[in-house]
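Participant: This is the structure I have questions about; it appears just below.
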Amino acid sequence: MNDIQSIIEKFAESGWDLIAAPAQEWLDGKKNKEELISAVKKADEECGSCGCEFDELYKFVLANSDLI
C-alpha cells in the first residue's frame, strides 16, 4: 500500500486520535497538510519503531509529503 490516499485512510481508521483526526479532516477536504504532517511526525516519534504495521507508513508519508 503505497498510495498516499490509502495510507491516510488507514490513519483515519486507526482509532488513534493523534493521527485519526487530522487524517479524517484531510480526507474530508479540509486538507490541512501541515497539521497532518505534524501529526504523522509525532506519531513516528512516539510509535515509529514499535513493530506495528504503521511504522513503515509513517516513514513513507513523511518521505513523500510533497504528494499530500
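Participant: I need a count of the residues in the stretch 1-32 that are polar (S, T, N, Q) and assigned to a helix (DSSP H, G or I).
Facilitator: 3
Participant: Next question, about the same structure. Can you pull out the residues in the stretch 33-68 that are assigned to a loop (DSSP other than H, G, I, E, B), without any contact (Cβ under 8 Å) to a residue 12 or more places away in the chain and surrounded by 13 or more Cβ atoms within 10 Å (Cβ to Cβ)?
Facilitator: Of the residues in the stretch 33-68, the ones assigned to a loop (DSSP other than H, G, I, E, B) are 48-53, 64, 68.
Then keep just the ones that are without any contact (Cβ under 8 Å) to a residue 12 or more places away in the chain; that gives 48-53.
Residue satisfying the conditions is Gly48 alone.
Participant: Now, a different point. Would you confirm whether any residue within the stretch 36-44 is out of contact with any Lys or Arg (no Cβ under 8 Å at 6 or more places or on another chain) and among the acidic types (Asp, Glu)?
Facilitator: Among the residues of the stretch 36-44, not one is out of contact with any Lys or Arg (no Cβ under 8 Å at 6 or more places or on another chain) and among the acidic types (Asp, Glu), which makes the answer no.
Where a number appears in this text, it was derived from the coordinates with a stated rule and is not lab data. These figures come from a predicted structure and were not determined experimentally. Positions of Cβ are generated from backbone atoms using ideal geometry, with glycine treated the same way; all protein chains shown enter the neighbour counts.
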